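Q: Below you'll find the structure I mean.
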Amino acid sequence: SSGINAEYGVPVVVLCQEFLKLFTCILIVLYNEGLDQLKRHVIQDWVTTLKVGVPALLYVIQNQLLFVSLANLDPATYQITYQLKILTTAVFSIVLLNKSISKTQWLSLLVLTLGVILVQWRENAPRDTAADSTESSVTGLVCILMACLTSGFAGVFFEMMLKNTGGQSVWIRNTQLALCSCAVGFANLLITEQNFIATKGVFHDFQPVVYAVILSQAYGGLLIGLVVKYADNILKVFATSISIILSSLIGIFYFAELTFTMKFGLGLILVLSSTVLYSMYPAKKKAE
């Protein structure tokens, strides 16, 4: 649930935010580097642009996997299992970026995973057991595990592309990613939302709050790119976890259906503790 009382098409919103990212990045590149650099790195070097498009494609696949898993799993299993993306991000950071993670940092990641689970835990009514066959549960688990893998791989792969730029700026990389994301998002829109567009139009029920979401997601995504460029995906995971806590705290004050529970309080302590633990005990650098 988006929390917005509107019937807009979600793929339309996603495509709009990607177009806004693309427009912003092009303006920054034109201002800082000029048209020639834009054409040389984005259009003429189309092979690299397609490589940067790998995360864009994986994120679309990930979203589809999450929809299938949510339809086949109870909310508690979904919430718990999807937090494995924290650990897959760490594993792919080791494999693709040769990152060193100390035993204490691994412990902090496990603590973080548990903390996020508790923070996001919501008591839900039990689902109809007739609909919960073993086959559908297996399908849901396979899909959400694949989503965790695609999430970790896509994030770390993009980090690798950002840090191995070959002299290209982070804005060139963001332009390449946004261009590919627009192409993938447009294809996804045509495939999944044909009936919606035909009956209601592309921008049906776009309210001011929807435009605010587009702005927030677009420029938040660009900020994430900077975090990944100058820090790494694991630190991004910690930042995202803290943002979940802040969003939940705001929701507790503004929405009656959200309450401060013991689980939330314990999760809050675990997330904050894991953040301190991770930063205090980094892996020792290997001797040359």
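Q: What number goes with the only condition from (1) closer than 16 Å to Gln168 by Cβ; (2) polar (S, T, N, Q); (3) modelled with pLDDT of 90 or more that Thr48 does not pass?
A: Failing condition for Thr48: (3).
Q: A follow-up question, please. May I ask you to list pairs of residues, at least six apart or on different chains, whose Cβ atoms are under 8 Å apart, with the first in the range 1-19 being in a loop (DSSP other than H, G, I, E, B) and open to solvent by 70 Å² or more (accessible area, probe 1.4 Å) and the second being at pLDDT 50 or above and basic (Lys, Arg)?
A: From residues that are in a loop (DSSP other than H, G, I, E, B) and open to solvent by 70 Å² or more (accessible area, probe 1.4 Å), the pairs are Glu7/Lys200.
Q: Then there's this: How do the pairs read when you match residues in the range 168-182 that are within 11 Å of Gly225 (Cβ to Cβ) with residues anywhere that are at pLDDT 90 or above and open to solvent by less than 10 Å² (accessible area, probe 1.4 Å), using Cβ under 7 Å and keeping only pairs 6 or more apart or on different chains?
A: Close Cβ pairs (under 7 Å, with a partner that is at pLDDT 90 or above and open to solvent by less than 10 Å² (accessible area, probe 1.4 Å)) amount to Trp171/Cys25; Trp171/Val29; Asn174/Cys25; Thr175/Cys25; Thr175/Val29; Ala178/Cys25.
Q: Still on this model: Does at least one position in the range 201-211 carry a residue that is open to solvent by 90 Å² or more (accessible area, probe 1.4 Å) and either farther than 24 Å from Asn174 by Cβ or in contact with a His (Cβ under 7 Å, 6 or more places away or on another chain) (or both)?
A: Yes: the range 201-211 contains one or more residues that are open to solvent by 90 Å² or more (accessible area, probe 1.4 Å) and either farther than 24 Å from Asn174 by Cβ or in contact with a His (Cβ under 7 Å, 6 or more places away or on another chain) (or both).
Q: So which of Thr275, Thr261 ends up being surrounded by 13 or more Cβ atoms within 10 Å (Cβ to Cβ), modelled with pLDDT of 85 or more and β-branched (Val, Ile, Thr)?
A: The match here is Thr275.
Q: Checking Asn233 against (1) touching a residue at least 60 places away in the same chain (Cβ under 8 Å); (2) open to solvent by 60 Å² or more (accessible area, probe 1.4 Å); (3) within 21 Å of the chain's Cα centre (by Cα): exactly one of these is not met. Which one?
A: Just one mismatch for Asn233, condition (2).
Q: On the basis of being among the small types (Gly, Ala, Ser), at pLDDT below 85 and open to solvent by less than 30 Å² (accessible area, probe 1.4 Å), does Ser241 make the cut?
A: Criteria met by Ser241.
Q: Which count do you get for residues in the range 20-56 that are assigned to a helix (DSSP H, G or I), over 25 Å from the mean Cα position of the chain (by Cα) and of a type outside the set (Phe, Trp, Tyr)?
A: The total comes to 11.
Q: Here is a check on your reading of the model: is Ile224 open to solvent by 60 Å² or more (accessible area, probe 1.4 Å), in contact with a helix residue (DSSP H, G or I) (Cβ under 7 Å, 6 or more places away or on another chain) and over 18 Å from Leu15 (Cβ atoms)?
A: yes
Results for (1) over 18 Å from the mean Cα position of the chain (by Cα); (2) open to solvent by 80 Å² or more (accessible area, probe 1.4 Å); (3) at pLDDT 80 or above, shown as yes or no for each residue.
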| site | (1), (2), (3) |
| --- | --- |
| Leu107 | yes, yes, yes |
| Leu114 | yes, yes, yes |
| Ala125 | yes, yes, no |
| Asp128 | yes, yes, no |
| Ala131 | yes, no, no |
| Thr134 | yes, yes, no |
| Thr139 | yes, no, yes |
| Cys143 | no, no, yes |
| Leu149 | no, yes, yes |
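Q: Select from the range 57-103 the residues that are part of a loop (DSSP other than H, G, I, E, B) and touching a helix residue (DSSP H, G or I) at 6+ places or on another chain (Cβ under 7 Å) and write down the one among them that is surrounded by the most Cβ atoms within 10 Å (Cβ to Cβ).
A: Leu73
Q: Look through Val29, Val47, Val111 and report the one residue that is more than 29 Å from Leu268 (Cβ to Cβ) and touching a helix residue (DSSP H, G or I) at 6+ places or on another chain (Cβ under 7 Å).
A: Checking each option against the conditions leaves just Val29.
Q: For Arg40, work out the one condition from (1) over 21 Å from Glu159 (Cα atoms); (2) among the basic types (Lys, Arg); (3) open to solvent by less than 60 Å² (accessible area, probe 1.4 Å) it doesn't fulfil.
A: (3)
The values are calculated or read from the model by the stated rules, or taken from the named source; none is laboratory data. This structure is a prediction, so every number in the text was calculated from the model and none was measured. Quick reminder, even Gly has a Cβ in these numbers, built from the backbone with ideal geometry, and neighbours come from all protein chains shown. Ligands, DNA and RNA are excluded from the accessible area calculation, which covers all protein heavy atoms including side chains. Shrake-Rupley method; radii C 1.70, N 1.55, O 1.52, S 1.80 Å.
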